[in-house]
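Trainee: Below is the structure I would like to discuss, written out as structure tokens.
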Amino acid sequence: MALPHEAVPLPASGLPFDDIRALMARLPGPDAAAAAVVRAREAELVKPAGALGRLEEIAEWLAAWQGRSPPTVARPLVAVFAGAHGVTGRGISPYPTEVNRQMLATFSGGGAAINQICKTFDIGLKVFDLAADRPTPDFCEGPAMSEAECAATMAYGMEAIHGGVDLLVVGEMGIGNTTTAAALSHALFGGRPEDWVGRGAGADEAILARKIEAVAAARAFHKAHLGDPLEALRRVGGREFAAICGAILAARIERVPVVIDGFVATAAAAVLHAFDASALDHCVAGHLSAESAHRRLLERLELRPILDLGMRLGE
């Protein structure tokens, strides 16, 4: 992985996570004046007040974070981050890690659902291969990443907005990453392992039980370090999770609104929320996944999904 060029600059310091903490300490807020202009314009339209429901709210949100009125979406981008997880060695997925490479080939060939959506609506698409052939270590037995690797991967994720983007959509792909999302959610918010574990890509009862066991084992192994959200990320997360965090953080600093995809991307975003409850104010949840823990996680983050269509399995 290369570090970003002409992207959000990381200040120099002694420890890798210190750079991330420095960026988190200077998050810009919304442009209230731009939102007020949109609100005033809505009041002039020939319609009852509030008739367009959340569309009015979203228009104000876009203006506030783009810092302009009217808001426009001329250069949207979907960024998909692909990673691999050593915890899959515990039999927590019905599919082998080799499927990662097959899906990356499908993205490259234009055959995935997201390719068709982006083509239809003229949306940019970037797919980031985060060593998808090299799984992270099993987080039940040790950290998934070193601090340096985690921070560097976050910096790499910041590359997503390079080149001028006015709306960022973050998504992911990786065999075993619903188990990782469950482990990270459990590390950040507690509860029972089974509160956060779902069937992912079609787990049967035996696989589901192994997923729950893995999440419980991960928390037990790392429990002394989980009070720090960045430590939780590096210990029980994965590379695509770190890259999504970096992309969302860079978008905040550059005033780019963000749409968050399903359970896995939301779990990655939760790291920033756990660090600073206002860190996701520039984000909306694109939809409510059928994955059982997604609703619970969105409620914890106070994110209201735009769509609820029962979608799952990356679609």
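Trainee: Is it the case that GLY202 is under 18 Å from ALA290 (Cα atoms) and either in the same structural domain as ALA269 (by the TED database) or open to solvent by less than 20 Å² (accessible area, probe 1.4 Å) (or both)?
Mentor: Yes; evaluated as a whole, the condition is true for this residue.
Trainee: To continue, here is another question. In region 277-315, which residues are under 25 Å from ALA59 (Cα atoms), open to solvent by 50 Å² or more (accessible area, probe 1.4 Å) and of a type in the set (Ser, Thr, Tyr)?
Mentor: Across region 277-315, there are no qualifying residues.
Trainee: Suppose we filter LEU184, LEU249, LEU233, LEU188 for residues that are in contact (Cβ under 8 Å) with a residue 24 or more places away in the chain and under 11 Å from the mean Cα position of the chain (by Cα); which single one remains?
Mentor: On inspection, the qualifying residue turns out to be LEU249.
Trainee: Write out, first by first residue and then by second, each pair whose Cβ atoms fall under 9 Å of each other, whose residues are 6+ apart or on separate chains, and whose first residue, in region 290-315, is without any contact (Cβ under 8 Å) to a residue 12 or more places away in the chain while the second is assigned to a loop (DSSP other than H, G, I, E, B).
Mentor: Listed pairs, sorted by first residue: ARG295/LEU288; ARG295/SER289; ARG295/PRO305; GLU302/ALA277; GLU302/LEU280.
Trainee: Would you mind telling me which numbered condition in (1) assigned to a strand (DSSP E or B); (2) among the aliphatic types (A, V, I, L, M); (3) under 23 Å from ASP19 (Cβ atoms) VAL259 fails?
Mentor: (3)
Trainee: Does region 52-68 hold any residues that are open to solvent by less than 50 Å² (accessible area, probe 1.4 Å) and either out of contact with any strand residue (DSSP E or B) (no Cβ under 9 Å at 6 or more places or on another chain) or within 30 Å of GLU205 (Cβ to Cβ) (or both), and which are they?
Mentor: Filtering region 52-68 down to residues open to solvent by less than 50 Å² (accessible area, probe 1.4 Å) leaves 53, 56, 58-67.
GLY53, GLU56, ALA59, GLU60, ALA63, ALA64, GLY67, listed by residue number.
Trainee: Cβ-Cβ below 9 Å, separation at least six or inter-chain, first residue in region 146-160 and not assigned by the TED database to the domain that holds LEU249 and open to solvent by 40 Å² or more (accessible area, probe 1.4 Å), second of a type in the set (Phe, Trp, Tyr) and at pLDDT 95 or above: which pairs?
Mentor: As it stands, the answer is none, since no pair meets every condition given.
Trainee: Report every pair of residues separated by at least 6 positions or lying on different chains whose Cβ atoms are under 8 Å apart, first residue within region 14-40 and aromatic (Phe, Trp, Tyr), second open to solvent by 40 Å² or more (accessible area, probe 1.4 Å) and not in a loop (DSSP other than H, G, I, E, B).
Mentor: Note: pairs meeting the criteria are PHE17/GLU147.
Trainee: Right, next: For region 262-292, which residues satisfy the criterion of being closer than 25 Å to CYS150 by Cα, assigned to a loop (DSSP other than H, G, I, E, B) and among the hydrophobic types (A, V, I, L, M, F, W, C)?
Mentor: Scanning region 262-292 gives ALA277, ALA279, LEU280.
The values are calculated or read from the model by the stated rules, or taken from the named source; none is laboratory data. The structure presented is a predicted model; accordingly, all values stated were derived computationally and were not measured. Backbone-built Cβ (ideal geometry, glycine too); neighbour counts: all protein chains shown. Surface areas here come from the heavy atoms of the whole protein model, side chains and all, with no ligands, DNA or RNA. Shrake-Rupley method; radii C 1.70, N 1.55, O 1.52, S 1.80 Å.
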